[in-house]
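*Asks:* After the C-alpha cells below, expect a handful of questions from me.
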Number of protein chains: 2
Amino acid sequence: MGGREDGDRLTELQLPAAPGARDGEEAGRRGGASQRPQGSPFQPDLASPRRGPTSNSWGSHWAAVVRGSRERTFLAGRGDLPKCEMQAGKPILYSYFRSSCSWRVRIALALKGIDYEIIPINLIKDGGQQFSKEFQAVNPMKQVPALKIDGVTIGQSLAIIEYLEETRPTPPLLPQDPKKRASVRMISDLIASGIQPLQNLSVLKQVEEENQLPVAQKAIISGFDALEQILQSTAGKYCVGDQVSMADLCLAPQVANAERFKVDLAPYPIISRINKALLALEAFQVSHPRRQPDTPAELRA
Amino acid sequence: MGGREDGDRLTELQLPAAPGARDGEEAGRRGGASQRPQGSPFQPDLASPRRGPTSNSWGSHWAAVVRGSRERTFLAGRGDLPKCEMQAGKPILYSYFRSSCSWRVRIALALKGIDYEIIPINLIKDGGQQFSKEFQAVNPMKQVPALKIDGVTIGQSLAIIEYLEETRPTPPLLPQDPKKRASVRMISDLIASGIQPLQNLSVLKQVEEENQLPVAQKAIISGFDALEQILQSTAGKYCVGDQVSMADLCLAPQVANAERFKVDLAPYPIISRINKALLALEAFQVSHPRRQPDTPAELRA
C-alpha cells in the first residue's frame, strides 16, 4: 500500500526540532525564511514534477521515497540524485507530519495504493518553511499539502483527493449515488471549511494566548455537535454507509486535532466509534502523523 | 433564469432591520433565538422538501417563490399556503442576502436555470435566525446556505454545487479535463476554506473590535496574493479558461467581501478583470446580494 512507513528505519533521518504543542495544522499565510529550492512555477498544465531534491544538507533537506507497498528509502538531498533512485515521475507530496490536511491526502494515497515521494515542509522551523520563496513557487498558497502529479501541482487537500478519485478511481472514495456523494462532500466541507480553518494556527495567533485553547475547542465542539447529528442519518460503519469515503479522510485527522486540543469526545459517540474503526485500517495507520518521516522521535509511535 | 429577482416588487416585504456593516458572511456556530418552524430532520435520504412556510407573521416569516426565469411572487408565511402557490417540489434555498456562500449557490441555480424558492435566514436578527431550533433541524451546521432538493437537504455551498453539477449537468460548472477540474476545485477550496472562514463573523468576534477590519483584510489579502498568482496560469476570460466554473462562483462573492472590508484591489488585476466580466453576466446579477428578497431597502441596487 502506498505511503507505508515503517518506523524502524526512520532513525536514519536527522529530524527537525520538536515543534510546540500547537503548531500550524495547515500553513498560515505570512512571509518567512527560505528553505528548499523548488523552482517549478505554479502552472497546473506546465509544471513538471521534480526529479530530485537539490539542496545540500541532511535534516529537513531530503525526500522520503516510498517504494511499493512496504519498502521505502530515505534519500538525503545532496545535489541531484540519480533518476533511478528518485523514481522520476512519481507523485511528490509536500507534507508536514502533523498537518491534518496533509494526513487526509496521505490516507487517500495509501488507500489507492499510489506510490509517492514525500518532501516534508516544516511549518515551524525557520519561521515556517512554507513561507520560503522556493515553496511559494510550488504552492502560492504557502500551505501543505501540495501534490505534484501527472505534470501538475495541486493544492488544497479536497481538490487533490477529488483529482485522485477521478484519475485513480479504485478503490472509490466517493459513493456512486449522487445524494450519498453529496453527504460525503458536505461532511468533508463541514470539516475542511467549517472546523479546521477556525482552529488553525493562523486564527489562533490572532487571539490572546490564554484564549487560544478555548477558541480552538469552541470551533471543534460546535462543528462536532453538527457532525454528530448529521452522522446519525448518514453513518454506517463509516461516515457515509459502510465504505470508507473522503469524509472519513477528513474525520480521523480532525479527531486527532480534537484530542490535541483536549476536547472531550464523550458527547460524540458516533464520531468516536467511526474514528476507532478508521484507525484500525492500515491506510490510516501508515499515514498517521506519528509515523511520518518528519515525525520527531519523541512523538513516534 | 432561476433566481431572477426584480427589485420593484420587493417593497411588498416588511424588511428586516439593516444589519451592521460587518455581519456574518456565513453563519457562526452559537445557539440563539428561535424563528421559523422547520420540522424536517436532517436526514439526507429521508427529508422531504417543505410544502410551505407555517409561521404566522409578515417580515422575515415568508418565502420568496421564484417562478420561471423572470417572474416571482413573495408569499407571506400565514399558515399553510396552497400547494399550487408554493409549487411543491421545487428546491428550497435557505439563504441570506449578504452571505457570500449563499450567493455562490444562487449563481449556480441561476446558471443552470433551476427554479427554486428562497427562505431567508437573517443571520443578524433575533441573535441570528440560523441558531433557532427550527433551523437547526434543517441544517445542524446552523449555516446558510442549505438546499432542499430531490428529497434531501444539503449543506455546504460547494457540496451543493457539486450535487447540482452531477444531477443537472447543463451548463457545466466543471470542465471535462481532470486537471482543469482540479484547478477549479483548488481555487474554489482556496476561497471556501482558505479565505472566507478567516474573515467570517465567527472569527472576527474573537478578536478585539479595533482589530476586526485588519484581521479580515489580512486574510483576504493573503488569499488574493496566492489567487492572483494561480490565475496567471489558469485564467482565460474566467478563472479557469473561458468557461464559467465553480471557481468563478466563489470568486465574485469573495471580491464583494473584499470590497466590503475595504481591501485595495489594485494589486489584483486578474481577479479584478474576471470579477468585472462575471458581474456582467445575468446569473451573477440576479443572484446579487443587492437584489435579494431579503436585501434591506437601503442596500438595494
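No lab work stands behind these numbers, since they all come straight from the coordinates. Values in this document were obtained by computation on a predicted structure and should not be read as measured data. Here the Cβ positions follow ideal geometry from the backbone for every residue, glycine too, while neighbour counts run over all protein chains shown.
*Asks:* Please find, within region A:190-204, the residue that is nearest to B:Ser202 (Cα to Cα) out of those that are out of contact with any strand residue (DSSP E or B) (no Cβ under 8 Å at 6 or more places or on another chain), at the interface with chain B (Cβ under 10 Å from one of its Cβ atoms) and not polar (S, T, N, Q).
*Replies:* Per the criteria, the residue is A:Leu198.
*Asks:* Taking A:Ile161, is it buried (at least 23 other Cβ atoms within 10 Å of the Cβ), touching a Lys or Arg at 6+ places or on another chain (Cβ under 8 Å), within 22 Å of B:Thr167 (Cβ to Cβ) and not aromatic (Phe, Trp, Tyr)?
*Replies:* Working: buried (at least 23 other Cβ atoms within 10 Å of the Cβ): yes; touching a Lys or Arg at 6+ places or on another chain (Cβ under 8 Å): yes; within 22 Å of B:Thr167 (Cβ to Cβ): yes; not aromatic (Phe, Trp, Tyr): yes.
Yes.
*Asks:* Quick one: in region B:127-162, which of the residues that are more than 11 Å from the chain's Cα centre (by Cα) and at positive phi is farthest from the other protein chains (Cβ to nearest Cβ)?
*Replies:* B:Gly127
*Asks:* What helices (runs of 4 or more DSSP H), lying completely within region B:197-283, carry at least 3 residues that are surrounded by 22 or more Cβ atoms within 10 Å (Cβ to Cβ), touching a Phe, Trp or Tyr at 6+ places or on another chain (Cβ under 7 Å) and of a type in the set (A, V, I, L, M)? Outline the logic, then answer.
*Replies:* Values: elements: B:201-204, B:209-234, B:246-260, B:269-279.
Result: B:209-234.
*Asks:* Among the residues of region A:118-147, write down those that are crowded, with 22+ Cβ neighbours inside 10 Å, among the β-branched types (Val, Ile, Thr) and either free of Cβ contacts under 8 Å to residues at least 12 places away in the same chain or over 15 Å from B:Ile230 (Cα atoms) (or both).
*Replies:* A:Ile118, A:Ile119, A:Ile121, A:Val144
*Asks:* Further, regarding this structure: Can you confirm whether region B:167-183 contains a residue that is facing chain A (nearest Cβ under 7 Å), farther than 15 Å from B:Gly223 by Cα and surrounded by 24 or more Cβ atoms within 10 Å (Cβ to Cβ)?
*Replies:* Within region B:167-183, one or more residues are facing chain A (nearest Cβ under 7 Å), farther than 15 Å from B:Gly223 by Cα and surrounded by 24 or more Cβ atoms within 10 Å (Cβ to Cβ).
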